[in-house]
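Take a look at the structure below.
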Amino acid sequence: MKKNKLGENANIINIDSFYSRQVAINKILDEVSIILPSGVYLNSFVYTPPKKGSKEGEDVSAKIALAGTAPTRNVFLELRDALRESEMFENIA
């Protein structure tokens, strides 16, 4: 009985850890849609969820890749700058 209880506690901890690393994709899409300048069209949105690292404190953040078209280079740079200014995103290439 005691072993079973420990196993249940471990499962609860694993579930809690899993959900604590999750990001609501709808919030990401909302932010992108607000930031997206007029005339920019996205062809692809790829979301890679965060991963638990093999060592303590070695977690890998979620990643997002966007592909699309902009009418001019300046409009593209406007999008890039807006993504960099957003508190939701970091390490914009």
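Among the residues of the stretch 59-87, the one identified as in contact with a Pro (Cβ under 7 Å, 6 or more places away or on another chain), in contact (Cβ under 8 Å) with a residue 40 or more places away in the chain and not hydrophobic (A, V, I, L, M, F, W, C) is Glu78.
Among the residues of the stretch 28-35, is any modelled with pLDDT of 85 or more, in a strand (DSSP E or B) and open to solvent by 60 Å² or more (accessible area, probe 1.4 Å)? Scanning the stretch 28-35, I find no residue that is modelled with pLDDT of 85 or more, in a strand (DSSP E or B) and open to solvent by 60 Å² or more (accessible area, probe 1.4 Å), so the answer is no.
Residue-level check: of (1) modelled with pLDDT of 95 or more; (2) surrounded by 13 or more Cβ atoms within 10 Å (Cβ to Cβ); (3) in contact with a strand residue (DSSP E or B) (Cβ under 9 Å, 6 or more places away or on another chain), Thr69 misses just (2).
The values are calculated or read from the model by the stated rules, or taken from the named source; none is laboratory data. Because the structure is predicted, anything quoted here is derived from the model rather than measured. Every residue, glycine as well, gets a Cβ built from its backbone with ideal geometry; the counts of neighbours run over all protein chains shown. To get the accessible areas, we keep the full protein, side chains included, count just its heavy atoms, and leave off ligands, DNA and RNA. Shrake-Rupley method; radii C 1.70, N 1.55, O 1.52, S 1.80 Å.
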